[in-house]
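Some notes on the structure that comes next.
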Amino acid sequence: MAGDINASYLFNLSDFDGIIPYNAARTFVDEVRGEVYVATSGGLDIYNPSGMLTFHVDYDRELGGVYDAAVDDSGNILLLTNKKGDYGIVTCNYRGEPLSSVALRHVPPEFTEVRPGRMIVRHGEIYLIDQGGMLVVVVNTDGEFVRAYDLGALMLVSDDHRADAGVEGFTIDREGHMLFVSSSFGKAYRGTMDGVISAFGRRGSSAGKFGVPGGIASDRNGNLLITDKLRGVTMIYDKDFRFIKEFGFRGTRPGNVIVPNEISVDPLRNRVYVSQMRRRGVNIYQLSYSD
């Protein structure tokens, strides 16, 4: 293991009136600009690198249902929409004003029933994730089908158990690996673009063991950060799945967490954003490394 890694609590996402009391917020980071986005039921909140709210985007009701959002390399906001049963992607400017929209095209029959609730943008491709169905469809910025994954099949989940399995905390790391967890199986997974899946994790209550894993992200070195909703911690593993340490811990003091779930990492600024339940908002930690 090369060096050590530490996580120090900094502050929470806030506005001028104090901490924003989000409950299990979905967060994602604009690595280029250092801004942090929080997807809410009515729109998007945008925070500067200091964790202060700078702008709120209201969703245009004409778009239909907005299920998730992401930001591309140009700073445009992408919305995953569903209008009258048809999924699409709407590109907006930084103020949330629609610029263009595309429909999903040429999706193979075996994936036409995908019901994505999460969207990730990486390397010019858009990943649409059906967490309950355990399916991933990848399209380009024109909505054209590129490839797809049946995560349930790759994980060897039988059709009888698929409805009870599902995946959580899906993201794409900087190398293009799919990262996700399964709470029902108590494991974390890393998948290649070729569809090769590696799994790790064991149930337990001691350090490094999985209770109910919730979210997953990776840092600049490929270390994996995994939240555990039951144990109330964020665990750090190296890229070879070896446990390093954990931080956060259950409690109500600054830096503690209550049922941590979603997690995002800004690998350029070494910041970690951990959301939690009971309207305790989003904790921000600073990662530091030693050789």
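Side notes on the structure shown:
- Solvent accessible area, Å² - Ser101, 1.4 Å probe, full protein context: 90 Å²
- Pairs of Lys residues in the chain that lie 8 or more places apart, or on two chains, and have C-alpha atoms under 30 angstrom apart add up to 9.
- Scaled against the 2.2 N^0.38 Å expected of a compact globular protein of N residues, the Cα radius of gyration of the stretch 1-142 reads 1.14.
- Heavy-atom accessible area for Asp58, with the other protein chains in place and a 1.4 Å probe, reaches approximately 110 Å².
- Heavy-atom accessible area per residue - the stretch 72-115, 1.4 Å, Å²: 60 Å²
- Here's the picture: a label point sits 7 Å out from the Cα of Ala199 along the beta-carbon direction, and within the stretch 121-151 the residues with their amide nitrogen under 18 Å of it are 131-136, 149-151.
- For the chain, carbon and sulfur atoms together expose 48% of the accessible surface, with a 1.4 angstrom probe and every protein chain in place.
- Dimensionless Rg/Rh of the stretch 195-236 - Kirkwood Rh, Rg from C-alpha atoms: 0.99
- For the stretch 208-287, the solvent-accessible area with a 1.4 angstrom probe is 36 square angstrom per residue.
- For the stretch 75-216, the fraction of C-alpha pairs farther apart than 24 angstrom is 34 percent.
- Its Cα gyration tensor gives the stretch 184-291 an equivalent ellipsoid, and the semi-axes of that ellipsoid, as √(5λ) in whole Å with the largest first, are 21, 17, 13.
- Mean residue ellipticity at 222 nm, helices only, the chain: -1000 deg cm²/dmol; runs of at least 4 DSSP H residues each add -39,500 (n - 2.57), and the sum is divided by the number of residues.
- When Met155, Met52, Met178 are compared by accessible area at a 1.4 angstrom probe, the order from most to least is Met52, Met155, Met178.
- Kirkwood Rh (inverse of mean 1/r, distinct Cα pairs), the chain, angstrom: 19.3 Å
- If both residues of a DSSP beta bridge must be in the chain, then about 95% of such bridges are antiparallel.
- Percent of alpha-carbon pairs separated by more than 16 Å within the stretch 1-71: 56 percent
- Applying the Karplus relation 6.51 cos²θ - 1.76 cosθ + 1.60 with θ = phi - 60° to the stretch 251-268 yields 3J(HN,Hα) values of x, 10, 7, x, x, 6, 9, 10, 6, x, 9, 5, 9, 10, 10, 9, x, 7 Hz, where x marks Gly and Pro.
The values are calculated or read from the model by the stated rules, or taken from the named source; none is laboratory data. Because the structure is a prediction, the values reported are computed rather than measured. Please note: Cβ atoms are built from the backbone with ideal geometry, for glycine as well, and neighbour counts cover all protein chains shown. For accessibility, only protein heavy atoms count, side chains too; no ligands or nucleic acids. Shrake-Rupley method; radii C 1.70, N 1.55, O 1.52, S 1.80 Å.
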